[in-house]
Amino acid sequence: MTSQVSVEVSGIDFAAAHFVSEGGTCEQLHGHNYHVTVTVYGEIDPQGMVIDFRKLKRRVRQLCKQWDHFILLPNQSKLIKTTQKAQQVEVQTPNGTYSFPTKDVRIINVVETTAEELARFLCLKLKDELSSDFDNITQIQVILAESATSRAIVSMSV
Ligand SMILES: [Zn+2]
């Protein structure tokens, strides 16, 4: 008999700055303390686990650490354009042009750095990592909360 079980890790946080463009305009640069919750669905393995909590937490922490205390910028936005110039990243937006030190910026393969897109990106990365190491995992869900009342939820089959 097979059973579908899920395990969940939470309390993984990172702080980052961003702005989102929409409808020809762009938000002010601002930050969030993001909270990440990951649920992994699958079958219980011979050791009695879907996945070791510690291993899952370590992977999620590693992914989030890449963004912690950085300015997150999209590379597929129609309105936010980034250009590398020496040690600076120049960012053209409908509201004006920013210039950030390259070391403080993370450019992410998303349309916009919305909670939805960031959650989808994290889910995709986790899916890639976990699907190559585990054959009992069937689905991954990532919840990315940018405030106590606003969160994006993305699920992917493995
Ligand atoms: Zn925001």
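Rounded to the nearest 10 degrees, the inclination of helix 53-65 to the longest alpha-carbon principal axis of the chain is 10 degrees. Close lysine pairs were tallied over the stretch 1-145: pairs 8 or more places apart or on different chains with Cα atoms under 16 Å apart number 9.
The dipole here belongs to the chain: it is taken about the Cα centre, uses +1 on the Cβ of Lys and Arg and -1 on the Cβ of Asp and Glu, and is about 380 debye. Helix 115-133 and the longest principal axis of the Cα set of the chain meet at an angle near 40°. Could you state the number of Å between the C-alpha centres of the stretch 27-49 and the stretch 98-154? Result: 9 Å between the Cα centres.
Per-residue Cβ neighbour counts within 10 Å put E27, E146, E112 in the sequence E27, E146, E112, beginning with the fewest. Going from the residue with the fewest nearby Cβ atoms within 10 Å to the one with the most, S131, S157 rank S157, S131. As a rough footprinting exposure proxy, the listed residues H35, H30 were ranked by other beta carbons within 10 Å of their own, and the order from fewest upward is H30, H35.
Readers should treat all values here as calculations from the given coordinates under stated rules, not as data from a laboratory. Quick caveat: nothing in here was measured; it's all calculated off a predicted structure. Because the Cβ atoms are built from the backbone with ideal geometry, glycine has one as well, and the counts that use them run over all protein chains shown.
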